[in-house]
Amino acid sequence: MIFPFGYLRPRSNVRTINIGRTCIFTNANITMTERRHEDMDILSLSAVELGKKIKAGEISAMEATQATLAQIEKEEPRIHGYVTVDAQGALKQAEEIQGKIERGELTGPLAGVPAAIKDNICIKGRLTTCSSKILSNYKPTYTAEAVEHLQDAGAIILGKTNMDEFAMGSTTETSYFGPTMNPHNVGHVPGGSSGGSCAAVAARECYYSLGSDTGGSIRQPSSFCGVVGLKPTYGTVSRYGLVAYGSSLDQIGPITKNVEDCAAVLTAIASWDKKDSTSVKREDYDFMGSLKADVKGLRVGIPADYFTEGLNKEVAEAIRAAANVLKEQGAVVEEFNLSLVKYAIPAYYVIASAEASSNLERFDGVKYGYRAKDYEGLHNMYKKTRSEGFGAEVKRRIMLGSFVLSSGYYDAYYLKALRTKALIKAAFDKAFENYDIILAPAAPTTAPELGKSLGDPLKMYLSDIYTVSVNLAGLPGLSIPVGKDEKGLPIGIQLIGDHFQEKTLLRAAYTYERVTGKEAR
């Protein structure tokens, strides 16, 4: 049975959770006090640590799943990180996977470890809503390639996480099912659009999750929630089964407690896929081998362009401090001018909105999803279905995209944005002639308060200034936690690498993490 959080409820309603303890604690021969104590010990583990203990027989996959479901029951009324949770299905998966582990059929680092999936990534027969009314009853007939790889690795899929509708937003407040809250302070947003995935990891409602990143949707919420989030090089992870927003920009990536977990999940999901025409065949998919605490001689560039008006002082100081840590470990740190920063936001939103207007044409009430009840004729059914089914932000981007693709404006806006995209990529190519990685902010500020962003869409768009360039250039970007501000909200920094240089990013992040001990626990 699937327990829905707010399924088919309007955004204004508060979502509830109803996972019975009889389901969670079946066959448990210990007291609830002991159970809670053991749960806390289990939940404090990283994904790789848990996998090792399961393999060694110290913890079972069922125990880990029960502990995580109990944490979901406890935290969901406060966090609202999930759209749906399949408690019984997760326990059944755990039992099957435990048997395979004991028989030696599953030996990988993630076998038996509970995970969550962003609700725009398809799982066969499971609700995949994109947090939108128009897909609120949609169950795919196939599973995304990345999820299949996790299942092959022995992952236990708990449920689907909340997000900004169709991944359009930076706060997870545009969800049809209501907003997700930041676990560190529920009066603040978790970021977006993968806010549910990041909040679930931060609140220990799963050991890791998958998100998608079109313009920073993994890295920015990871920064706000104090977790590790990686947007891989475009084409490294198959987009098959990811509901498209901006097809030339979208990429699935891991959200984890620490860098080691990030490398393990990326190793599991990265592959060449003939079903995805943009998939790239790489020679090496073993990212775990890059985990060495050694940055001696690593050339680190800090864009001076990013340290201008609008960047929060505490965020800037945290970046400088992180740079000093790498410098003390033997890295060479320099400032440089990246250029073209001010053109990234307009180029990104023109391109992303244009692609969105094309991709979302398929949601018309005919083939699947929501259909308006009262209409007159086919054309009226299209209009009413899309008017009722899409939220305000999605409509705004569809209209913007349709405008820039229309006759008379195509050359003036869309083609000009594509040329700007090429210039931005060239600027990064030039930077990587001198530097191995670029150290930058993940967001201008820490997490804003709930309700403070949606009233001014332009301000919300500008908050993506440090992340969208990475997607335009198809580069890998990694967000890691580096501290907290005076309000106790997490601060994250972004490491940017050249194409296919995820190992360099992971090595630098792993070094920082080992030296400072800063990871989500």
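The values are calculated or read from the model by the stated rules, or taken from the named source; none is laboratory data. Here the structure is a predicted model, which is why all the values come from computation and not from measurement. Note that each Cβ is placed from the backbone with ideal geometry, even for glycine, and that neighbours are counted across all protein chains shown. Side chains are part of the model used for accessible areas, which takes the heavy atoms of the whole protein and leaves out ligands, DNA and RNA. Shrake-Rupley method; radii C 1.70, N 1.55, O 1.52, S 1.80 Å.
What to note about this one:
- Under the Karplus curve 6.51 cos²θ - 1.76 cosθ + 1.60, θ = phi - 60°, whole-Hz ³J(HN,Hα) for region 201-211, x wherever Gly or Pro sits: 5, 5, 8, 6, 8, 6, 8, 6, 8, 9, x
- With a 1.4 Å probe rolled over the protein heavy atoms of all chains, the accessible area of Leu505, Leu418 falls in the order Leu418, Leu505, largest first.
- Relative contact order (%) - criterion: Cα under 8 Å, at least six apart; region: region 86-212: 25
- Listed pairs Lys118/Lys367; Lys133/Lys384; Lys139/Lys367 exceeding 19 Å between Cα atoms: Lys118/Lys367
- Restricting the trypsin sites (Lys or Arg not before Pro) of region 80-164 to loop positions (DSSP other than H, G, I, E, B) with no more than 14 neighbouring Cβ atoms within 10 Å leaves Arg103, Lys124.
- Using C-alpha pairs below 8 Å separated by at least 6 residues, the relative contact order for region 157-282 is 20 percent.
- Cα gyration tensor category, rounded, prolate or oblate, for the chain with a/c compared to 1.5: oblate
- Dipole moment magnitude, nearest 20 debye, region 80-205 about Cα centre, only Lys, Arg, Asp, Glu C-beta charged: 180
- Longest segment of the chain lacking GluC sites (Glu not before Pro) that sit in a DSSP loop with at most 12 other Cβ atoms within 10 Å: 106-282
- For region 115-129, backbone phi angles converted through the Karplus equation (6.51, -1.76, 1.60; θ = phi - 60°) give residue-by-residue couplings of 9, 10, 10, 4, 7, 10, 10, 6, 10, 4, x, 10, 3, 10, 9 Hz, Gly and Pro being listed as x.
- Each of Gln220, Ala321, Val113 was scored by the projection of its Cα onto the charge dipole of the chain, and the greatest displacement toward the positive side belongs to Gln220; charges sit on the C-beta of Lys, Arg, Asp and Glu.
- Working note: Karplus 6.51/-1.76/1.60 with θ = phi - 60° gives region 329-342 the couplings 8, x, 6, 9, 10, 9, 9, 8, 9, 7, 6, 6, 4, 5 Hz, where Gly and Pro are set to x.
- Placing +1 on the Cβ of every Lys and Arg and -1 on the Cβ of every Asp and Glu, with no other charges, gives region 299-348 a dipole of roughly 100 debye about its Cα centre.
- With every protein chain in place, region 63-156: carbon and sulfur % of accessible area (1.4 Å): 43
- Among the listed pairs Lys74/Lys484; Lys160/Lys430; Lys52/Lys327, those beyond 29 Å (Cα-Cα): Lys160/Lys430; Lys52/Lys327
- Rounded to the nearest 20, the Cβ-based charge dipole of the chain about its Cα centre (Lys and Arg +1, Asp and Glu -1) stands at 1000 debye.
- DSSP beta bridges fully contained in the chain are about 65 percent antiparallel.
- In the chain, the calculated helix contribution to ellipticity at 222 nm averages -12000 deg cm²/dmol per residue, counting -39,500 (n - 2.57) for every DSSP H run with n ≥ 4.
- Placed amide H near Ile493: partners under 5 Å, 5+ positions off or other chain: Ile480, Val482
- Loop trypsin sites (Lys or Arg not before Pro), region 201-308 (other Cβ atoms within 10 Å of the site Cβ: 15 or fewer; DSSP): Lys274, Lys275, Lys281, Arg282, Lys292, Lys296
- For the chain, the relative contact order comes to 16 percent (Cα pairs under 8 Å, sequence separation of at least 6).
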